[in-house]
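Okay, so here's the structure we're looking at.
Values quoted throughout were computed directly from the atomic coordinates according to the rules given, and no laboratory measurement underlies them. Everything numeric here is computed off the predicted structure, so don't read it as measured data. Ideal geometry is used to build each Cβ from the backbone, glycine not excepted, and the neighbour counts take in all protein chains shown.
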Ligand code: HMG
Ligand code: MG
């Protein structure tokens, strides 16, 4: 019997590096993405086309994209907050664009400076342009299991935003536990509410691992039929507008957990470990103020 397949979406180069206190050289980002690809990860979020005043760490995304190896059968994805970001992403040759909304009003304001309703209005022309350009559109809902500003978030609020994103044309909606506060019971309740309005095959899970419960939450959602999991190599990550959101769940841990459960991912653990060692080594040097221009690319 063929093993059930779970797709890992590697978000380390974007979600992982957007929160770095120091600028990560483009060479390091490109070297990391090359290694992730070599490890069998083909869905890779490589950056974002957002305001450089808001997230300066992603300002070199066009330069990163210009240097990426071909990814046949896979997709390099980028976040876009508005039409301007979409146009830049298209010009850079993005294989997928992702719009990002929130289930909490306060987080929406903090992250993209508008209400949830305004964000969905702003995403409509992006979705239209993506459809016209035949570029696949992904959607995010943040704060699905809790908000750093509002606390509890109701599953119905998550379901409504997810429904709206799919109605706009998202082929997949990634549900973000942005600050990693959820429990398996909460995760199940959230998936059940979303799956009532969005086919479960279109639901992805995006866990930050603040409380160390991400793997348990992912397991709970796999049991409900979720087949796409976001993760960041070496557990990099966090959102600059979500205080208390440190690392994403580590791709290494997710891949190992899925393998142990008999689920296929196509990821080579040894090569993934090389990618992790590369980026943690490079970040240590960058943080220490060392010159990384000669860092093995
Ligand atoms: P704003 O200040 O309300 O809007 O920002 P604005 O239109 O006045 O733009 C501000 C400045 O940015 C202007 O420049 C614009 O031209 C420029 P200025 O006149 O001041 O020189 N600008 C842009 N520049 C480049 N590319 C663009 C762009 N748009 C405007 N696309 C805005 C609104 C949405 C732009 C801003 O709030 C923003 O960029 N936010 C992004 C925040 C972000 O990237 N957060 C992290 C990603 S989300 C996340 O991590 C969560 C996730 O992982 C899931 C989870 O964990 O839950 C996805
Ligand atoms: Mg995130």
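Taking 0.36 nm per residue of sequence separation and removing the Cα-Cα distance, the residue 34/residue 196 pair yields an extension gain of 54.5 nm. Built from the Cα atoms of region 90-235, the convex hull projects on average onto 8.5 nm², one quarter of its surface area.
Measuring spread by the Cα atoms of the chain yields a radius of gyration and Dmax of 17.5, 52 Å. Shape of region 143-229 from the C-alpha gyration tensor: oblate (a/c of 1.5 or more and a/b not above b/c, with a ≥ b ≥ c the square roots of its eigenvalues). Please give the FRET efficiency for residue 152 paired with residue 277, using the beta carbon to beta carbon distance and R0 = 41 Å, rounded to the nearest 0.05. After rounding to 0.05, the efficiency reads 0.60. Normalised by the number of residues in region 22-124, the average gap of Cα pairs under 8 Å and 6 or more apart makes the relative contact order 22 percent. Extension gain, residue 216 to residue 115: 0.36 nm times the residue separation minus the Cα-Cα distance gives 33.2 nm. The ratio of the alpha-carbon radius of gyration of region 190-272 to the globular-protein estimate 2.2 N^0.38 Å is 1.12. Based on C-alpha pairs under 8 angstrom that are at least 6 apart in sequence, region 53-205 has a relative contact order of 19 percent. Estimated purely from DSSP H runs of n ≥ 4, each contributing -39500 (n - 2.57), the mean residue ellipticity at 222 nm for the chain is -12500 deg cm²/dmol once divided by its residues. The label-point distance for residue 224 and residue 91, in a model that sets each label 7 Å from Cα toward Cβ, rounds to 4.1 nm.
How much length would be gained if the chain were fully extended between residue 4 and residue 67, taking 0.36 nm per residue of separation minus their Cα-Cα distance, in nm to one decimal?
Gain on stretching residue 4 to residue 67: 19.3 nm.
Remark: relative contact order (the chain) = 22 percent; criterion is Cα-Cα distance under 8 angstrom and separation of 6 or more residues.
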